[in-house]
1. About the Cα centre of region 113-179, how large is the charge dipole given +1 on each Lys and Arg Cβ and -1 on each Asp and Glu Cβ? Please answer in debye to the nearest 20.
2. Kindly report the accessible area of region 98-154 per residue (heavy atoms of protein chains, probe 1.4 Å, no ligands, DNA or RNA), in Å².
3. Determine, for each peptide in 281-293, 226-238, the mean count of other beta carbons within 10 angstrom over its residues, then list the peptides with the highest first.
4. Write down the accessible area per residue of region 197-245 in Å², having rolled a 1.4 Å probe over the full set of protein chains.
5. Give me a comma-separated list of calculated 3J(HN,Hα) values for region 324-340, in order, Karplus coefficients 6.51, -1.76, 1.60 applied at θ = phi - 60°, integers in Hz, x for any Gly or Pro.
6. How much of the accessible area of region 1-79, in percent, comes from carbon and sulfur atoms when a 1.4 Å probe is used?
7. Which of Tyr346, Ala316, Ser327 sits closest to the plus end of the dipole of region 311-350, meaning its Cα is farthest towards the positive end, when Lys and Arg get +1 and Asp and Glu get -1 on the C-beta?
8. Quick check on region 25-77: take the gyration tensor over C-alpha atoms, sort the square-rooted eigenvalues as a ≥ b ≥ c, and tell me if it's rounded (a/c under 1.5), prolate or oblate.
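The values are calculated or read from the model by the stated rules, or taken from the named source; none is laboratory data. None of the values given here were measured: they were computed from a predicted structure. Cβ sites come from the backbone with ideal geometry, for glycine too, and all protein chains shown count toward neighbours. Calculation scope for accessible area: heavy atoms of the full protein, side chains included, ligands and nucleic acids excluded. Shrake-Rupley method; radii C 1.70, N 1.55, O 1.52, S 1.80 Å.
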Amino acid sequence: MAQDYDVVIIGAGPAGLSFARSLSELPLKVLILERSSLATLQNPPEDGREIALTHLSVSLMKGLGAWEHLPKEEVSPIEGAKVFDGESSYSLNFERDKTDLEALGYLVPNHLIRKAFYESVLPKSNIELRTEATVEGVATEAEFGVVTLVNGETVTAKLVIAADTRFSDMRRKMGLSATMKDFSRTAIVCRMSHSKSHQQTAFECFHYGQTTAILPMTGNRSSIVVTVNSRDAQRYVDMSPAHFNQCIEQQLNGMLGDMVLLGKRHVYPLVAVHANQFVARRFAVIGDAAVGMHPVTAHGFNLGLRGQASLAKHIAEAIADGRDIGSDVVLKAYERDHIKVTRVLYHGTNVVVGLFTHETFAAKLARKATLRLANNIVPVKKWIMQSLTEEQMDESSPMKWVRPLLPPRPSLAHLNSVFSHLPDPLAPLKKRSTK
């Protein structure tokens, strides 16, 4: 069977689009299959989600040419963060002025990230994007993979990539199992304005029975995330705007003054997923299809962006060495790299969620002790800060392996700048072409 493409990517969310962009400077023919319409990709609807980007993610977005497509007025720096427990005024504090950073991270609306990556992919001649294309099945042979669409059409590729959400149908069809954690909790997400300044500080308030997070947007606006037991979620959705405003004011003890709901309240049941394997024969999962995180530690999108960069790096190395990009050697190298950091963060995040949502007396004591220890033991606090910002990773960090992915010149929008610590992956091909 003739191979139509080198790589087929199923899903044109941020993970799928960023991966395609990472491959755009390599001699590969890439196809993206997306069930949504072209109009949706061109102007994704606002979905309420604000993404806290680490410094590594910002560097990768700059290196891939996506950062320049974000409206500057929609990028909000996070200059501090505070974590509160119950009604106590004591907080775990992270401050930008205690570091050399301009910000701890940057808050950007999810739909604008999707649009930015779409616009960065659009001019690349080796990337084909098909919209309103629903995948029926996927199968792989020793030399190629076959993707079947609902209209009966088939396409083949050396490598098939699934980037189709944490509940990936393609992952299941390829026989990759996953561990799922249903928290029986739901996040109600919305934007609100307030009369007092947030001082570009994020707040996480672990009240008993619910959690309220405040993520600072530009101006006197914030993204509000209220997490409650799923049986109580509809009550927050059905509240009148005036009642909801008053409810949030009370939860924050007036910290931000008068609160006013802006737009729609979005509802997201919280289920975390970690694939037990990231690869099969000529097949790999990236983004949420590999790891879908609880949002409390804000690692979800950042992990997805780093994962696709890792896979792209191994593919570039394979091309440089004249090896098969879909071989087990290439895919297993990606799996080893990505799984050793995602497992730590996935299970660690779930422990944090359990600690701060259990209502037993012992759990409450443990919460208070944890905040004080993290605040006062310098190495612990430094490690947490590095994990959250991904700006300074040393040899003691479990994420040290991703440090080489940071581009030394992030403004150059092509893959060689992202992976400039490596020998030029196209050098062997260039030498042959000049002979």
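1. 340
2. Result: 47 Å² of accessible area for each residue.
3. Going from most to least packed, we get 281-293, 226-238.
4. I get 39 Å² per residue for this part.
5. 6, 5, x, 6, 4, 4, 5, 5, 5, 5, 4, 4, 4, 5, 7, 6, 6
6. Ligands and nucleic acids excluded, carbon and sulfur give 47 percent.
7. In region 311-350, that residue is Tyr346.
8. Judged from the Cα gyration tensor, region 25-77 comes out oblate (a/c at least 1.5, b/c at or above a/b).
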